[in-house]
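Data first, discussion second: the structure below is written as structure tokens.
None of the figures in this text is laboratory data; all of them are computed from the coordinates on show. Since the model is a prediction, treat every value here as computed from it, not as a measurement. Cβ placement follows ideal geometry from the backbone for every residue including glycine, while neighbour counts extend to all protein chains displayed.
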Amino acid sequence: MDARHIPNIITVIRILLVYPVNYFLLEHNFKFALGLFILAGLSDGLDGFLAKHYHWQSRLGSYLDPLADKLLLVCAFLSLSWMGLIPLWLTVAVVLRDVIILSGATAYYFLLKPFEGQPHWTSKVNTFLQLLLVVSVLFSHGIRPLPDGLIFFLISVVLAASLISGTIYVQVWGRRYWRETHPSP
């Protein structure tokens with residue numbers, strides 16, 4: 001095995017953790033789900049560090065890493081909504097944002113040209129806030145109850161971040177599409 005494949009192997013392990021995290025969530029074993037969720041989060045940081053520090057970045061990794069993050073978060077949101085621990089409307093907003101972004105990227109790719117997508121900083125903030133909400137809900141149900149006001153605040157912030165981030169992506173890529181299809185004279 002070539003060492004440059006280590007980040008992708010870690011990412012695949014993170015993808016494989018999606019099932020057990022959600023299994024333990026649905027079994028109401030919040031402590032174990034929280035531990036696995038945190039392990040998955042730490043693995044995300046580790047594979048990113050290794051890829052950047054040792055220049056082990058790859059095209060495959062550029063697809064697998066965000067896929068792993070989205071799978072973990074979307075599945076956690078779906079499970080938590082199913083259990084009534086976060087509102088369904090929030091999960092719909094979070095998933096709809098991702099579907100709109102993915103649909104736009106796919107359309108851009110097929111209608112215009114391939115591109116290297118770099119996440120906007122608002123997307124990184126949005127992902128962090130989503131992670132914080134999931135960890136907080138799991139902590140609150142598995143370790144020690146957190147104030148309801150804190151969870152409600154995080155739900156509100158995640159909704160706002162999802163809407164802002166999604167809107168920015170639509171604007172940025174809409175402008176790029178317009179410039180590509182309507183070049184200046």
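Taken over the chain, lysine pairs spaced eight or more positions apart, or on distinct chains, with alpha carbons under 23 Å apart number 4. Using the Cβ of VAL170 as centre and a radius below 14 Å, the other residues enclosed give a net charge of +2, where K and R count +1 and D and E count -1.
Across the chain, the longest piece that holds none of the chymotrypsin sites (Phe, Trp or Tyr not before Pro) lying in DSSP loops with up to 16 other C-beta atoms within 10 Å covers 116-185.
Maximal additional length on extending the LEU132-LYS52 stretch stands at 26.4 nm, based on 0.36 nm per residue less the C-alpha distance. Modelled spin labels at ASN29 and LEU42, positioned 7 Å past Cα toward Cβ, are 1.9 nm from each other.
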